[in-house]
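Below you'll find the structure, written out as structure tokens, and then a few comments.
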Amino acid sequence: GAAAAAMQRAGARPALPAFGDAAARELRPKRAREEDAASGPDGRRLRPPPAFAIEAGNWPTFVFVRASAPGQAAARAVARLTREHPRLADVDAISAPHVSLARPFALREHQIAGFADSLRRELDGQRPFGASCHGWRVFESENRARKFGAVMVQRGRRRMTGLLACVDRVLKSYGKATFFVNPELHVSLSCGVALPGSALPHEVAGGQASGDDDNERACDSKA
């Protein structure tokens, strides 16, 4: 399925998923992150804390389902995130929209092939299904380093949650953190670096969220 195909595999060593420049930087090698770190209003360079230890031998790993969005959806999401949260730096569109099925985590190189095989076995037999999203939300990363403008998974949510349970079982077998309790499955369309004083007011499982439901169909996904 798309979830298994989207994760890192042994052999080809694909580039990191294109979360957009702002969201991918924290997972790049330290030197690259330092060279292109975002700048705040006062010109100082911002270095958001990484999601996990970045060190030699660690391979940033993601499990997700790809999504497609109308051409103007990302631009509208960037504009809205910027308007609603002016204390953000480097707001950018996410160039490859997706539904995350795991928190970002690291594998050692020798674990990659086994992890991919375990995930394929766990997902074997899952039937294809469609999904669609609507309802604007703003999420905050666990370390409060970034905010994401997103739309919520509506149609297909039950099936997507089933995929999530499969991924969680594999993560647990590798000693990795499973996904959030009562996850708020969503497709992120824009992101920005959170400056001091820009934290969201209410925490929810799966990150932090705020916003309203504008009932706008924003994207589709196939798994």
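Which sequence of PHE179, PHE115 reflects their accessible areas, 1.4 Å probe, from the largest down?
Largest to smallest exposure gives the sequence PHE179, PHE115.
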- line: Ranking SER190, SER100 from most to least accessible area with a 1.4 Å probe gives SER100, SER190
task: Could you state how much accessible area ASP124 has, in square angstrom rounded to the nearest 10, with a 1.4 Å probe and all protein chains kept in place?
output: 130
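The values are calculated or read from the model by the stated rules, or taken from the named source; none is laboratory data. Treat the numbers as computed from the prediction; the structure is a model and nothing was measured. For the accessible areas, the whole protein counts, side chains as well, though only heavy atoms, and no ligand, DNA or RNA atoms are used. Shrake-Rupley method; radii C 1.70, N 1.55, O 1.52, S 1.80 Å.
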